[in-house]
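Novice: Starting off with a structure, shown below.
The values are calculated or read from the model by the stated rules, or taken from the named source; none is laboratory data. Bear in mind the structure is a predicted one, so any value in this text is a computation, not a measurement. Neighbour counts are summed over all protein chains in view; Cβ atoms, including those assigned to glycine, are modelled from backbone coordinates with ideal geometry. In case anyone asks, the SASA skips ligands and DNA or RNA and just uses the protein heavy atoms, side chains included. Shrake-Rupley method; radii C 1.70, N 1.55, O 1.52, S 1.80 Å.
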Amino acid sequence: MADPSSPLQHLSIIVPVFNESAGLQAFWSRVAAVLDDMADTVSADVLFVDDGSRDDSLTLIQALAIADARVGYLALSRNFGKEIAMSAGLDFADGDWVVLIDADLQDPPELMPTLLAKAREGFDTVYARRAERLGESFTKRATASVFYRLMGRLSRRVEIPADTGDYRLISRRAVLALRQIKERNRFMKGLFAWIGFPSAAVTYVRDPRGEGVSSFSLWRLWNFALDGITSFSTAPLKLATYAGVLVALLAFVSGGFIIVKTLIFGDPVPGFPSLMVTLLFFSGLQLLFIGVIGEYLARLFDESKQRPLYLLKEQKAAAIRQPQPTDASTVARGRSTVSPATQDF
Ligand code: UDP
Ligand code: MG
């Protein structure tokens, strides 16, 4: 962890942005107000990560970066998804502390001083725990709650705190640890938990979205959940074994039953419906588990291709920050398309 006695610590705020132009200005004014308030305890920069937005989010961010020395940005070459956008931010953020916050004002920026104060008590991760989630549908809250509890049971060693989003403050030490994680199917909440280190929670009320709509459809959430489960648990694979054992036992018992029945009652030829049901049940079960294996295989395939995690089309460091020395892990992870001469980092 960074030395708490050093004169003025620096805070880097990572903001993944995907089609947020409607609320970006409001977001920045609230963040800027908070940063002004915190100015005597910490200096700060904001690193927007434009995740291939199709609206004019990037233009707005560029304007902010010109207007305010505290603003820097990365622009990914296309939409890579929030998890990767956050990882890109973590590769470049160079503060003693780093905050990850959504751009839609669902995570109140006013909580940052509390997060920082808590972290300074000696925690590497201070995550914001949602007491209430306003403006989110019942199904979203219910599915999220089931998912986080299921994840908790599936991955016992890695404790993923329930009711937390990605809004959190982490230490430099934790950032460096996260940079070492190379996997492509990134379930960040799991990875935050995986690195360990002392952590604490601060409770807050999750506001409804400021502007626009959530870009996570039910289908996207389902895939997100699959990523989470497959990257932190192999339990579904083992399930096939146990289901197999159970089914074999059942077959044994029903086999015995048929033998006895035939010996006693003879052998008329009944049972077409039960035959069909059995057939369908077992072919269904087999396909299901082939599918489960497929989910893991597909991710294995993805990992084995070793593509860079993201590509940058543009980048600009906040003017108040010093250029960052080239970091080997960054070079290996994301490859910049910007020529070294124009590179700001
Ligand atoms: N986001 C992103 N890439 C994406 C989707 C979302 O960077 O592909 C950002 C988005 O701009 C926002 C944050 O991730 O800052 C959370 O997204 P959203 O509000 O849509 O998710 P929800 O709050 O519904 O989980
Ligand atoms: Mg949101």
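Novice: Let's test the formula: R0 of 25 Å, r as the Cβ-Cβ distance of Ser145 and Leu250. What FRET efficiency results, to the nearest 0.05?
Specialist: Here the calculated transfer efficiency is 0.15.
Novice: Please work out the FRET efficiency for the pair Ala67 and Val205, using the Cβ-Cβ distance as r and a Förster radius of 35 Å; give the result to the nearest 0.05.
Specialist: Efficiency at R0 = 35 Å is approximately 0.70.
Novice: If you fit an axis through the alpha-carbon atoms of helix 272-304 and take the longest principal axis of the Cα set of the chain, what angle between them do you get, 0 to 90°, nearest 10?
Specialist: Between the helix axis and the principal axis of the chain, the angle is about 30 degrees.
Novice: May I have the pair-distance distribution P(r) for segment 6-148, computed from all Cα-Cα distances with 10 Å bins from 0 and rounded to whole percent?
Specialist: Binned Cα distances yield the sequence 11, 39, 35, 13, 1.
Novice: Within segment 138-197, which trypsin sites (Lys or Arg not before Pro) sit in a loop by DSSP and count at most 13 neighbouring Cβ atoms inside 10 Å?
Specialist: When the trypsin sites (Lys or Arg not before Pro) of segment 138-197 are filtered for loop state and at most 13 Cβ neighbours within 10 Å, Arg156, Arg157, Lys182 remain.
Novice: Given H placed 1.01 Å from N in the peptide plane, which residues other than close sequence neighbours of Val71 have an amide H under 5 Å from its amide H?
Specialist: So Val71 has HN proximity to Val46, Ala319.
Novice: Another question, then. Give a residue-ordered list of calculated ³J(HN,Hα) values for segment 164-175 (Karplus: 6.51 cos²θ - 1.76 cosθ + 1.60, θ = phi - 60°; whole Hz; x for Gly, Pro).
Specialist: With coefficients 6.51, -1.76 and 1.60, one gets 10, x, 8, 5, 6, 10, 10, 7, 4, 4, 5, 4 Hz.
Novice: With all protein chains present, how much of the accessible area of the chain (probe radius 1.4 Å) comes from carbon and sulfur, to the nearest whole percent?
Specialist: With neighbouring chains kept in place, the figure for the chain is 64 percent.
Novice: What is segment 75-123 by shape, rounded, prolate or oblate, if you read a ≥ b ≥ c off the alpha carbon gyration tensor as root eigenvalues and call it rounded for a/c under 1.5, prolate for a/b larger than b/c, and oblate otherwise?
Specialist: oblate
Novice: I've got another one for you. Within a Cβ distance under 9 Å of Ala162, other residues only, what is the Lys/Arg minus Asp/Glu net charge?
Specialist: After counting each charged neighbour, the total is +1.
Novice: Right, here's the next one. What per residue convex hull volume, in Å³, comes out for segment 180-219 when only alpha-carbon positions are used?
Specialist: With only Cα atoms used, segment 180-219 gives 140 Å³ per residue.
Novice: Looking only at the chain, where both bridge partners belong to it, what percent of the DSSP beta bridges are antiparallel (to the nearest 5)?
Specialist: Antiparallel: roughly 30 percent of the beta bridges in the chain.
Novice: Which links in Lys140/Lys189; Lys82/Lys313; Lys182/Lys238; Lys82/Lys189 stretch past 20 Å when you go from one Cα to the other?
Specialist: Distance filter (> 20 Å) returns Lys182/Lys238.
Novice: For the modelled label position 7 Å from the Cα of Asn79 along Cα-to-Cβ, which residues of segment 215-256 have backbone nitrogen atoms closer than 19 Å?
Specialist: The answer is 215-227.
Novice: Considering Cα pairs under 8 angstrom that are at least six residues apart, work out the relative contact order of the chain and quote it in whole percent.
Specialist: Once normalised by length, the contact order is 22 percent.
Novice: Hey, another quick one. Return the sequence-ordered ³J(HN,Hα) values of segment 246-254 in whole Hz as given by the Karplus equation 6.51 cos²θ - 1.76 cosθ + 1.60 applied to θ = phi - 60°, using x for Gly and Pro.
Specialist: For segment 246-254, the Karplus curve yields 4, 5, 4, 4, 4, 4, 4, 4, 5 Hz.
Novice: I need the shape label for segment 57-103. Rule: rounded when a/c is under 1.5, else prolate if a/b > b/c, else oblate, with a, b, c from the alpha carbon gyration tensor.
Specialist: oblate
Novice: Follow-up question, since we're still on this one. Name the shape class, rounded, prolate or oblate, that the alpha-carbon gyration tensor gives for the chain, where a ≥ b ≥ c are the square roots of its eigenvalues, rounded holds for a/c under 1.5, and otherwise prolate holds if a/b is larger than b/c and oblate otherwise.
Specialist: Prolate is the answer for the chain, as a/c is 1.5 or above and a/b outweighs b/c.
Novice: Also, I was wondering about something else. Can you tell me the orientation of helix 218-232 relative to the chain, as the angle in degrees between its alpha-carbon axis and the longest Cα principal axis, to the nearest 10?
Specialist: Approximately 80 degrees, to the nearest 10.
Novice: Skip the ligands, DNA and RNA, and give the accessible area per residue of the chain with a 1.4 Å probe, whole Å².
Specialist: With the other protein chains kept in place, the chain gives 52 Å² per residue.
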